[in-house]
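One structure below.
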Amino acid sequence: MGRRAGRGRPALRVSAPARTKHPVGRTAARRGGRVRDTGGMSSRPARRPATGKKPARRAQAAAPAPSAGAPPRQCPCGLPAPYADCCGALHAGTALAATAERLMRSRYSAFAVRDAGYLLRSWHSSTRPPRLDFDPDVRWTGLEIVRTTGGSAFHTEGTVEFRARYRAGAAAGEQHEDSRFVREDGRWVYVGEAAPPGR
C-alpha cells in the first residue's frame, strides 16, 4: 500500500499488514516495519507524474476496520454502500470485480476485515505468496484512489495508484503505491507494484 506509520510502513500490496512481505504485498510488515509486495496495496512512497493517467475521484473516508469476527456495516473501501452489498459480495464470491479499481478497493477492504483467503485468490498465480499473516496492531482507516490507467471492462491490464491510511498502535501512517493488475482466467487479479509512485 504505501507509506510509513511512525518509523516504517505496512503494505497493502499483495499482503496485508503482517509479518510477511506485504497486505496489498507479498508479506505484511510488522508494526513500524516496511511491507513489500502488499498485493494491490503496495508499499513504496513517491509521487508519480500524472502523464498518461486519468484522474480518479477522491474516495470518501473509509470506515474503521471492524473488530474480529464482526463485519462492518459501511464498506471500508470508501464507496457509499453497505459492506455486504459492496466488497462483501466479492469476498463471498457472489460477485466479481468488473474493473481493476474495483479489485483494488476489494483488496483494501479484505485487509481491513482480514480476509486472507480473498487476498490470495485475487493475487496472480505467478506472484502469489504461500500465506498471509496480519499484524494485529495495524488497523486500516481510509483509502484514496489517486489515478488509474486501463483496467476497464474492455482492458486486459491496468494500474491503480492509491494511498491507504492506517494506524499501528498510536502511530498513523500511509501506504502509497501504483499497483498493476491483469486478467487471469478472465478475472482481474493483482500482480505487484507497477513502479514506485513518482518515478
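Readers should treat all values here as calculations from the given coordinates under stated rules, not as data from a laboratory. This structure is a prediction, so every number in the text was calculated from the model and none was measured. Using ideal geometry, Cβ is built from the backbone for each residue, glycine included, and neighbour counts are taken over all protein chains shown.
Computed quantities for the displayed model
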quantity	calculated
Output for the stretch 129-143, where each listed residue is over 17 Å from Y166 (Cα atoms) and crowded, with 19+ Cβ neighbours inside 10 Å	P129, L132
Filter pass, S109 being surrounded by fewer than 19 Cβ atoms within 10 Å (Cβ to Cβ), hydroxyl-bearing (S, T, Y) and in contact (Cβ under 8 Å) with a residue 12 or more places away in the chain	no
Qualifying residue in the stretch 178-193 (condition: under 15 Å from the mean Cα position of the chain (by Cα), under 19 Å from F134 (Cα atoms) and among the polar types (S, T, N, Q))	no
T159 of a type in the set (V, I, T) and under 21 Å from L90 (Cβ atoms)	yes
Strands (runs of 3 or more DSSP E) (entirely within the stretch 88-199) containing at least 3 residues that are more than 17 Å from G78 (Cβ to Cβ), in contact with a helix residue (DSSP H, G or I) (Cβ under 6 Å, 6 or more places away or on another chain) and among the basic types (K, R)	none
Residue in the stretch 147-157 that is over 9 Å from A100 (Cα atoms), of a type outside the set (D, E) and within 13 Å of the chain's Cα centre (by Cα) present	no
